[in-house]
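Engineer: I'd like to ask you about the structure that follows.
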Amino acid sequence: MGIRIDENACHGCLKLPEARCVTACPGDLIGIRSDNRKAFMRVQADCWDCYACVKMCPVSAVEVVLPHSIAAGDAHLFPKMKRESVRWTLTTPDGRTETFDAPTRVPEEQLEE
């Protein structure tokens, strides 16, 4: 899989010292272009598929690239961070959308002491 960065949506997190996607990437695989402050993927093949960058982007400029066998073409998968979960929205090429909630925290009542 991997990621795709929409340069039209990306603003490089101008108000921050470093873009959120750059900070989040554990492999140091995302850079910022000096000419337009847009994020870019250095080497797509090296992507760890952790999607930390996707979750951190405040403007949804980073998306998950789904393999053709899973997505059947030009589908898009975007996250929306919530306090206790990530809501993933899948938009299929024909315009249908599906949402999936993935918990990001274990509720306190489930924690063992």
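Every number here is computed from the coordinates shown, using simple stated rules; none is lab data. Because the structure is predicted, anything quoted here is derived from the model rather than measured. Because the Cβ atoms are built from the backbone with ideal geometry, glycine has one as well, and the counts that use them run over all protein chains shown.
Engineer: P(r) of the range 17-58 in 5 Å steps, Cα pairs, percent per bin?
Structural biologist: Over the range 17-58, the share of Cα pairs per 5 Å bin runs 5, 27, 34, 23, 9, 1 percent.
Engineer: At 0.36 nm per residue, minus the direct Cα-Cα distance, what do Glu98 and Val43 gain on full extension? Give it in nm, one decimal, please.
Structural biologist: 16.8 nm
Engineer: Give me the one-decimal nm value for the distance between modelled label points at Ser60 and Ser85, 7 Å along each residue's Cα-to-Cβ direction.
Structural biologist: 1.7
Engineer: Chymotrypsin sites (Phe, Trp or Tyr not before Pro), restricted to the range 10-81: which are DSSP loop and have at most 13 other Cβ atoms within 10 Å?
Structural biologist: Numbers: sites: Phe40, Trp48, Tyr51; in loops: Trp48, Tyr51.
Sparse-neighbourhood loop chymotrypsin sites (Phe, Trp or Tyr not before Pro): Trp48.
Engineer: If Rh is defined by the Kirkwood formula over all Cα pairs and Rg also comes from Cα, what ratio Rg/Rh do you get for the range 1-103?
Structural biologist: 0.96
Engineer: A further question follows. For Ser60, Ser34, what ranking results if the residue with the fewest other Cβ atoms within 10 Å of its Cβ goes first?
Structural biologist: In increasing order of surrounding Cβ atoms, one gets Ser34, Ser60.
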